[in-house]
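Below is one structure, written out as structure tokens; the observations come after it.
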Amino acid sequence: MTAREPMTDPGQARAAARALAAAALGRDPGPMATAASGSHHVYVGSDVVVKLIDAASHARLNREIALAPHLPAGLTAPLLDSGTHRLEAGDVRYACYTRVPGTAPGMGMPGVDGATACALAEEAVERLGRLHAWVPGGRAGRTLREPLDHGGFTGRAAFFAGIEGLIDRDRHGFVPAHLLDGLKTIARDAPPHARAAVPVHADCHWDNWLAHGRSVTALLDFEWARFGDPVDDWFFLIRFSGPHMEAVLDVVARATGTSADTLRAGCEIREATHLAADLRVALERPDVHARMAADRLRSLEELIVGRYWWQHAR
């Protein structure tokens, strides 16, 4: 995820969020706290959430806003209001949502015990099943078909092209040759084409879920949603489950009737394509994305040398 561009001073952003929340609710929203986000300014009240971003920045929030009213019932937080709002520094795009009870389990599920991780994974797979079974029409269907440079797997040829693009940008040998060779090996075994048959969230790691106890309450942030393959979503559930990865993989395999080895292979391909794409972005502006580059390089080492998806295969 790339860094958020500065929008305006914090005071103006907070004041705008309060004003927008009040308009959406028809009353004072009460205290609003700042929530962490890598791409937006997010403010959270007791019963409302406001997302803000420079109108000139990426248009992914438009995608989320367009989809929100049409998604399967109970899947995500209800959209209250959206549009653009003028500040002294320029226009901002905003979306106001009803706050859904619960908190995010978080990347790697820190502090989550094994039984809870499995219970949450079971509910998450069920929710994703509703999304994958959804047949969108009209505006929602057109939105999901709009081109999106998502960095995911689309086919063997595109995967190889992405690796070559990474090599072209890596003028100083940041990515070791053995890791590039490992990417090529994974690409050679990838299928010629990826399915693009069902709606997928395409970013459903555990920072984007809300849960209360052992129950999932909502899936958030549909900015990367598109047509794809269900494994595009199962990858995020499994990979970002931290110490519960193997248990969550087993949950997904049982719930979807997919063999564990098929899941491992599909997830390995998707992680490889995402890492190659992120490293290309990072190397285009190494001064801005140095931290992301170092993080993705560690993950690539774990994927290729550590055989992440196969180290505990039975």
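The values are calculated or read from the model by the stated rules, or taken from the named source; none is laboratory data. Keep in mind that what you see is a predicted model, and the values were worked out from it rather than measured. Glycine gets a Cβ as well: all are built from the backbone with ideal geometry, and neighbour counts include every protein chain shown. Side chains included, ligands, DNA and RNA excluded: accessible areas come from the protein's heavy atoms. Shrake-Rupley method; radii C 1.70, N 1.55, O 1.52, S 1.80 Å.
The table that follows gives values for the structure above.
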item	result
Per-residue [θ]222 nm for the chain (sum of -39500 (n - 2.57) over DSSP H runs n ≥ 4, rounded to 500)	-14500 deg cm²/dmol
Amide H partners (placed H, <5 Å) of Arg226, local residues excluded	Val200
Chain lengthening between Phe174 and Arg145 when straightened (0.36 nm per residue, less Cα-Cα)	6.9 nm
Extended-chain gain in nm, criterion 0.36 nm per residue less alpha-carbon gap, Ala22 and Phe160	44.7 nm
Difference of contour (0.36 nm per residue) and Cα-Cα distance, Val305 to Lys184	42.2 nm
Sequence of Lys184, Lys51 from largest to smallest accessible area, 1.4 Å probe	Lys184, Lys51
Cut-off under 5 Å, modelled amide H: who pairs with Leu80 long-range	Cys96, Tyr97, Thr98
Centre separation in Å (Cα based) which lies between the range 22-97 and the range 153-223	27 Å
3J(HN,Hα) from dihedral phi, the range 178-192, Karplus parametrisation 6.51/-1.76/1.60, rounded to Hz, x for glycine, proline	5, 6, 5, 5, x, 4, 5, 5, 5, 4, 4, 8, 6, x, x
Dipole in debye (nearest 20) - the chain, about Cα centre, beta carbon charges: Lys, Arg +1; Asp, Glu -1	420 debye
Where a label projected 7 Å from the Cα of Ser46 along Cα→Cβ would reach, residues of the range 15-36 with amide N under 15 Å	22, 25-33
Arg285 paired with Ser215, simple spin-label distance in nm, labels 7 Å along Cα-to-beta-carbon	4.3 nm
Accessible surface, 1.4 Å probe, highest first, among residues Phe153, Phe174	Phe174, Phe153
Alpha-carbon centroids, the range 235-263 and the range 112-138: separation in whole Å	12 Å
Calculated from backbone phi, Karplus (6.51, -1.76, 1.60) coupling profile of the range 27-44 in Hz, x at Gly/Pro	6, 5, x, x, x, 10, 9, 7, 10, 5, 7, x, 9, 10, 9, 10, 10, 10
HN-Hα J in Hz across the range 109-119 - Karplus 6.51, -1.76, 1.60, θ = phi - 60°, x for Gly and Pro	6, x, x, 8, 7, x, 5, 5, 4, 5, 5
Arg195 versus Ala115: modelled label distance in nm, points set 7 Å from Cα along the beta carbon direction	3.4 nm
5 angstrom amide H check on Asp207, placed H, neighbours 5+ away	Gly106, Met107
The chain: relative contact order as a whole-number percent, Cα under 8 Å and 6+ apart	19 percent
